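Report on the following structure.
The values are calculated or read from the model by the stated rules, or taken from the named source; none is laboratory data. Just so it is clear, the model here is predicted, and its values are computed rather than measured. Using ideal geometry, Cβ is built from the backbone for each residue, glycine included, and neighbour counts are taken over all protein chains shown.
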Amino acid sequence: MRRHKFNKLILILTVALIITGLIIIYAIGPLRVNFMNSAYGADYDTNYFFTHQLINVVVAIVMFVVAFFLPYEWLRRYAKIILIVGLALCALLQLMAWAHVPLAKCELGACRWYNLGVTSFQPAELLKLGLVLYLAQLVAQRKKEGGLDTLDFWKPFAFYSGASLLFVVVLQKDLGTGIVIIAIILAILLMSGLPWKRIAMVIGAIGVAGILAVVSSPHRMERLMTYGQEGSSDSYHIDNAMLAIGTGGFFGVGPGNSVQATGYLPESINDSIFAVMGETVGFVGLMAVVMCYTVLLSQLLKVSNHLADLEQSLVVVGVFAWVATHVIVNIGAMTGLIPLTGITLPLLSYGGTSMMFISFALGASLQLSCYTSREVRKNEDTNSRRGIRGAHYTGGGRRA
């Protein structure tokens with residue numbers, strides 16, 4: 001299909017969220033610095049977090065642009081290699097942790113990062129990208145070759161999906177990232193045309209594995225058992241998150257006036273940034289952020305539905321599941337709707353690896369938006385009860 005204009009909303013909203021996150025870090029970073037200097041005897045500059053986040057933003061924007069201009073055929077050609085490199089880096093990280101190599105950065109009993117001196121790198125983020133690209137390719141290839149319900153499909157699918165969850169959930173003890181990987185797997189399967197019976201079997205297997213992952217971890221069980229019990233020692237994090245959001249009211253206390261960012265709320269510039277934003281910019285500001293995410297996710301679904309190529313459509317579906325799960329789990333945890341799980345808020349939280357790879361994934365999705373058609377893509381398997389059928393696209397604008 002001939003290339004046309006890209007989806008402008010994906011570009012605008014991605015940039016808007018990145019800039020919003022940078023502004024919030026600029027506002028609360030000095031408060032976090034003061035706390036760390038006084039509590040831990042550190043000597044950070046007032047603009048330490050803002051400067052580092054600015055560097056992260058620059059790199060993320062570069063990756064977004066690279067993904068937009070990089071021919072998709074390159075990603076298709078190296079999809080499996082990207083996944084294998086992600087798995088290898090996760091395995092190597094664990095081996096380094098067991099050998100007490102300083103390059104492995106471990107915190108609170110979990111080793112999830114490479115310590116690169118001035119920064120750190122989380123290989124699980126590369127793993128997510130590789131999994132999206134490879135599973136989309138695997139499904140599309142097997143459908144062209146005669147169907148999905150064969151050993152030629154299930155063997156590589158089970159191996160790479162299982163290995164990804166093993167490294168992340170069991171070895172790195174990162175249930176939050178594990179939930180994102182599960183969402184990516186299920187989203188691609190749901191849109192693949194696979195019979196419901198097989199999908200139900202996959203969901204059942206994942207459900208059993210998830211229960212085992214929770215009951216085998218005292219920390220996870222403690223979080224689950226104390227969920228909803230306000231005032232307990234184990235609900236300190238969520239209690240302060242709710243207090244931050246409640247204190248903000250409709251319009252917030254204003255930049256630089258956050259109390260929770262001074263040390264009361266754990267991970268105030270990372271996983272808890274949504275709560276601190278609630279305190280700073282209030283309910284109105286939070287709703288604006290939620291609306292940005294909602295529109296961005298809806299545009300990703302729109303692009304997926306109007307891509308004629310199944311593999312490309314599944315790639316965008318995987319990116320949708322990736323971003324949506326981060327948003328839902330983070331906001332759900334900070335508002336007490338689900339048990340607390342450590343996970344970043346896409347493009348807003350402080351940190352580099354997550355922002356960089358999500359930006360790359362969104363850049364690739366923006367590129368694919370140049371090849372949509374006015375018609376909704378129809379499922380190639382006419383026997384599937386989940387075929388994506390529909391009339392001509394009726395939205396305004398030119399082939400977006």
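If you take the residues of segment 102-132 that are among the aliphatic types (A, V, I, L, M) and over 15 Å from the mean Cα position of the chain (by Cα), which of them is modelled with the lowest pLDDT?
Only one residue tops the list, namely Leu108.
Go through Leu135, Leu129, Leu171, Leu151 for me and flag whichever is surrounded by fewer than 22 Cβ atoms within 10 Å (Cβ to Cβ), at negative phi and in contact (Cβ under 8 Å) with a residue 24 or more places away in the chain. Even if it seems obvious, please write down each step before you answer.
On the way: Leu135 fails: surrounded by fewer than 22 Cβ atoms within 10 Å (Cβ to Cβ); Leu129 fails: surrounded by fewer than 22 Cβ atoms within 10 Å (Cβ to Cβ); Leu151 fails: in contact (Cβ under 8 Å) with a residue 24 or more places away in the chain.
Answer to the selection: Leu171.
Would you check which residues across segment 231-253 are assigned to a helix (DSSP H, G or I), surrounded by 13 or more Cβ atoms within 10 Å (Cβ to Cβ) and modelled with pLDDT of 80 or more and list them?
Within segment 231-253, the subset assigned to a helix (DSSP H, G or I) is 233-248.
Checking the rest, the ones that are also surrounded by 13 or more Cβ atoms within 10 Å (Cβ to Cβ) come to 234-245, 247-248.
Across segment 231-253, the qualifying residues are His237, Ile238, Asp239, Asn240, Ala241, Met242, Leu243, Ala244, Ile245, Thr247, Gly248.
From the list Val319, Val289, which one is out of contact with any Pro (no Cβ under 9 Å at 6 or more places or on another chain) and more than 19 Å from Ser365 (Cα to Cα)? Write out each step before concluding.
Values: Val319 fails: more than 19 Å from Ser365 (Cα to Cα).
Going through Val319, Val289 in turn, just one is out of contact with any Pro (no Cβ under 9 Å at 6 or more places or on another chain) and more than 19 Å from Ser365 (Cα to Cα): Val289.
Take the residues in segment 155-193 that are at pLDDT 90 or above and among the hydroxyl-bearing types (Ser, Thr, Tyr), then tell me which one is farthest from Tyr134 (Cα to Cα).
Thr177
Of the residues Gly256, Gly285, which single one is within 15 Å of Ile28 (Cβ to Cβ) and modelled with pLDDT under 80? Before the answer, list the steps.
Details: Gly285 fails: modelled with pLDDT under 80.
The unique qualifying residue is Gly256.
Kindly indicate the residue of segment 257-284 that is among the polar types (S, T, N, Q) and assigned to a loop (DSSP other than H, G, I, E, B) and also nearest to Thr51 (Cα to Cα) among those meeting that condition. I'd like the intermediate steps shown before the answer.
Applying the first criterion (among the polar types (S, T, N, Q)) to segment 257-284 yields 257-258, 260, 262, 268, 270, 272, 280.
Among the residues that remain, those that are also assigned to a loop (DSSP other than H, G, I, E, B) are: 257-258, 268, 270, 272.
Working: Asn257: 20, Ser258: 20, Ser268: 17, Asn270: 15, Ser272: 20 Å.
Looking at the filtered set, the residue picked out is Asn270.
Any idea which of (1) in contact with a helix residue (DSSP H, G or I) (Cβ under 8 Å, 6 or more places away or on another chain); (2) under 21 Å from Gly178 (Cα atoms) is the one Leu75 doesn't satisfy?
The failed condition is (2).
Could you grab me the full set of residues in segment 325-350 that are part of a helix (DSSP H, G or I) and either without any contact (Cβ under 8 Å) to a residue 12 or more places away in the chain or charged (D, E, K, R) (or both)? Break it down into steps so the answer makes sense when it comes.
So the first thing to find is which residues in segment 325-350 are part of a helix (DSSP H, G or I), and the list is 325-334.
Across segment 325-350, the qualifying residues are Ile328, Gly332.
Hey, could you check segment 27-52 for residues that are charged (D, E, K, R) and free of Cβ contacts under 8 Å to residues at least 60 places away in the same chain and say which is farthest from Phe274 (Cα to Cα)? Lay out the reasoning, then the answer.
The initial filter retains those residues of segment 27-52 that are charged (D, E, K, R), namely 32, 43, 45.
When the remaining residues are screened for being free of Cβ contacts under 8 Å to residues at least 60 places away in the same chain, the result is 43, 45.
On the way: Asp43: 27, Asp45: 24 Å.
Filtering first and then ranking leaves Asp43.
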